[in-house]
């Protein structure tokens with residue numbers, strides 16, 4: 001059980017809001033102390049970190065149980081509050097959910113696409129609905145990429161020639 005009351009959280013929301021609005025005449029300060037015995041043995045699951053973020057041999061329930069075990073040991077004083085640092089999921093989490101290969105090196109996670117595709121291949125091989133606003137926006141983006149990569153030279157000359165013929 002995490003030792004933190006909802007009323008304390010509401011109080012801290014007000015304090016932090018005042019601080020961010022520069023209406024608090026003091027700094028916010030908190031102390032987290034390991035004070036409680038969880039009353040049970042530590043689950044046989046490593047603590048969630050970058051080192052194990054690509055290890056899918058543990059269930060979400062097991063990981064949550066370990067987090068609960070860790071946080072049930074702490075007391076929160078002043079403006080301290082419990083929060084879970086999920087740095088191991090960082091900005092690449094979407095890539096992982098979309099099938100990227102995860103590589104953990106020296107407490108860093110690298111995301112490698114399952115296969116690389118040129119933007120033209122994505123456009124030409126797309127099997128979904130091409131009549132959506134999202135696809136229209138993708139086409140606009142694609143044309144901007146083509147235009148900025150040199151196709152504009154050919155377009156410009158053709159466009160100029162058409163104007164001169166008129």
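Taken together, the values in this text are just the output of simple stated rules run on the coordinates, not laboratory data. Computed from a prediction, not measured in an experiment: that's the story for all the values here. Positions of Cβ are generated from backbone atoms using ideal geometry, with glycine treated the same way; all protein chains shown enter the neighbour counts.
Summary of values
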quantity	calculated
Spin-label pair residue 75/residue 125, simplified geometry with 7 Å Cα→Cβ offset, distance in nm	6.1
Mean separation of Cα contacts under 8 Å, 6 or more apart, over the residue count of segment 6-112: relative contact order %	29
Segment 103-117-segment 1-41 distance, computed between alpha-carbon centres (Å)	36
Exposure proxy ranking, count of Cβ atoms within 10 Å, fewest first, for 8, 22	22, 8
Sequence of 133, 70 once ranked by neighbouring C-beta atoms within 10 Å, starting from the fewest	133, 70
Virtual spin-label span in nm between residue 108 and residue 9, 7 Å along Cα→Cβ	3.6
From the C-alpha gyration tensor of segment 6-112, square roots of 5λ in Å	32, 21, 11
Residue 137 paired with residue 24, simple spin-label distance in nm, labels 7 Å along Cα-to-beta-carbon	3.6
